[in-house]
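Report on one structure; see the data block that follows.
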Amino acid sequence: MSEANRRSMMTSLPAMATAIAALALLLLALLRWQDNGWGALIWLGAFVATIAIRLPHSLRNRANVVVDARKDVTEKLLLTAMFLAMMLLPLLHLATPLFAFADYRLLDWATGIGTALQIPFLWLFWRSHADLGRNWSPGLEVRDGHALVTNGIYDRIRHPMYAAIWISALAQPLLIHNWIAGVLVVPAFAAMWFLRVPQEERMMARRFGAEWDAYCGRTGRLWPGSAPMIGPQL
């Protein structure tokens with residue numbers, strides 16, 4: 001691998017610039033919380049919680065030496081789409097009236113469902129990071145000394161972090177009542193799920209071989225139990 005590919009994605013200049021931009025928009029969005037409604041305030045709280053969960057792992061894992069990585073055009077497009085749909089567009093909408101023309105109305109009970117879904121989302125998001133430890137990366141990367149994690153939540157589910165993000169993506173339109181800032185995350189993450197997960201599992205199969213095959217045989221992708229028809233297949 002080239003020296004550039006050996007560096008974790010977390011050390012890149014775009015990643016640091018993204019963090020600064022997100023912080024600025026977050027502050028502006030908090031100033032407008034009364035205009036955006038209580039569902040949007042719940043979304044902002046969950047967004048801050050995800051940063052608090054992920055930041056220590058990002059800082060620690062920047063030192064990882066990457067030995068295998070997928071950084072092709074498809075991966076970059078998928079990550080860009082998720083960045084736009086799950087972070088930039090919601091924060092822009094909540095910080096400015098830019099997308100107000102695309103607003104819609106929901107009853108409070110629907111927003112309440114979106115609020116309740118933040119509990120399993122944040123628990124799964126936290127537990128996934130805690131169990132992965134040094135093996136976590138935002139990109140498709142295998143680090144030097146990478147281990148196959150099969151303990152904790154990974155004892156029953158192969159992709160609990162994707163399960164968490166599915167919950168978050170489906171809840172976002174219930175909290176942010178806007179066709180652009182709220183809804184677009186669903187097709188964006190669906191594309192990532194169906195295009196990226198097979199590549200990720202191939203990387204794991206190359207790395208761990210029969211150990212990975214045995215692990216797949218006793219776990220499900222999104223919930224416990226073997227479920228061969230769920231999600232993309234290898």
(message) Given the criteria surrounded by 15 or more Cβ atoms within 10 Å (Cβ to Cβ) and touching a residue at least 24 places away in the same chain (Cβ under 8 Å), does Leu195 qualify?
(response) no
(message) Residue under question is Ser137, and the condition is that it be surrounded by 15 or more Cβ atoms within 10 Å (Cβ to Cβ), under 27 Å from Gly217 (Cα atoms) and polar (S, T, N, Q); does it hold?
(response) yes
(message) If I ask for residues that are modelled with pLDDT of 95 or more and either open to solvent by 70 Å² or more (accessible area, probe 1.4 Å) or at positive phi (or both), which ones from region 26-62 would you list?
(response) none
(request) Taking Leu132 as the residue in question, decide whether it is out of contact with any helix residue (DSSP H, G or I) (no Cβ under 7 Å at 6 or more places or on another chain) and buried (at least 17 other Cβ atoms within 10 Å of the Cβ). (result) yes
(message) Contact list please: Cβ distance under 8 Å, first residue in region 38-57 and touching a residue at least 12 places away in the same chain (Cβ under 8 Å), second residue open to solvent by 30 Å² or more (accessible area, probe 1.4 Å) and of a type in the set (Phe, Trp, Tyr), pairs at least six apart or on different chains.
(response) Ala40/Trp33; Leu44/Trp33; Ile53/Trp126
(request) Give the residue, chosen from Leu88, Leu59, that is within 17 Å of Leu25 (Cβ to Cβ) and assigned to a helix (DSSP H, G or I). (result) Leu88
(request) Output yes when any residue across region 96-105 is closer than 15 Å to Pro138 by Cβ, open to solvent by 70 Å² or more (accessible area, probe 1.4 Å) and part of a helix (DSSP H, G or I), and no when none is. (result) no
(request) Go through region 175-192 and give me each residue that's in a helix (DSSP H, G or I) and either over 19 Å from Pro97 (Cα atoms) or open to solvent by less than 10 Å² (accessible area, probe 1.4 Å) (or both). (result) Leu175, Ala181, Gly182, Val185, Val186, Pro187, Ala188, Phe189, Ala190, Ala191, Met192
(request) Quickly run through region 207-234 and pick out the residues that are loosely packed, with under 15 Cβ neighbours inside 10 Å and at pLDDT below 90. (result) Trp223, Pro224, Gly225, Ser226, Ala227, Pro228, Met229, Ile230, Pro232, Gln233, Leu234
(message) Whether any residue in region 28-37 is part of a helix (DSSP H, G or I) and within 20 Å of the chain's Cα centre (by Cα) is what I want to check.
(response) no
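The values are calculated or read from the model by the stated rules, or taken from the named source; none is laboratory data. Remember, it's a predicted structure, so these values are computed and weren't measured experimentally. Here Cβ is always computed from backbone atoms with ideal geometry, including for glycine, and neighbour counts include all displayed protein chains. The accessibility values were calculated without ligands, DNA or RNA, using every heavy atom of the protein model including side chains. Shrake-Rupley method; radii C 1.70, N 1.55, O 1.52, S 1.80 Å.
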